């Protein structure tokens, strides 16, 4: 099994899944409108003197588009050319990296290992919810 951490600079194809419960509506909207979001981030950075150098960090954002699809339990993204550093973008908008699974390759749908990752994340979050419910029940007694 391949595990991809971060950005690969060889212009290969890539895909990711993000467990949906990890995302706020604001983060999801930024992912769905990545180009517009980056333009706003770059403009804001330039107004502040370009201290974060986002224009370089997010180069190719308008040339190497990512297709993003929202499913019930996860967000899937893929591209045939990953010159644009989607990993850096997701970090910039504060998406928890533990909720993301990367893979190499161009595919219209998530790979099996990505679906398995989502299944595992569901179990983890279900367990956390049950623990929270049990804790609240214990505190009420």
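Quick notes
- A single member of 118, 93, 100 is surrounded by 13 or more Cβ atoms within 10 Å (Cβ to Cβ), under 17 Å from residue 15 (Cβ atoms) and under 11 Å from the mean Cα position of the chain (by Cα), and it is 100.
- Any hit, segment 68-89, residues being within 13 Å of residue 22 (Cα to Cα), buried (at least 19 other Cβ atoms within 10 Å of the Cβ) and free of Cβ contacts under 8 Å to residues at least 60 places away in the same chain: yes
- Only a single item in (1) farther than 24 Å from residue 13 by Cβ; (2) free of Cβ contacts under 8 Å to residues at least 40 places away in the same chain; (3) surrounded by 13 or more Cβ atoms within 10 Å (Cβ to Cβ) is not met by residue 125, and it is number (2).
- Residue 118 vs. criteria more than 30 Å from residue 52 (Cβ to Cβ) and in contact (Cβ under 8 Å) with a residue 40 or more places away in the chain: yes
- Test for residue 59: is it over 13 Å from residue 22 (Cα atoms), free of Cβ contacts under 8 Å to residues at least 60 places away in the same chain, surrounded by 13 or more Cβ atoms within 10 Å (Cβ to Cβ) and out of contact with any helix residue (DSSP H, G or I) (no Cβ under 6 Å at 6 or more places or on another chain): yes
- When restricted to residues that are assigned to a helix (DSSP H, G or I), within 19 Å of residue 26 (Cβ to Cβ) and in contact with a helix residue (DSSP H, G or I) (Cβ under 6 Å, 6 or more places away or on another chain), segment 95-141 contains 1.
Values quoted throughout were computed directly from the atomic coordinates according to the rules given, and no laboratory measurement underlies them. The model shown is predicted, which means the values in this text are computed figures rather than measured ones. Here Cβ is always computed from backbone atoms with ideal geometry, including for glycine, and neighbour counts include all displayed protein chains.
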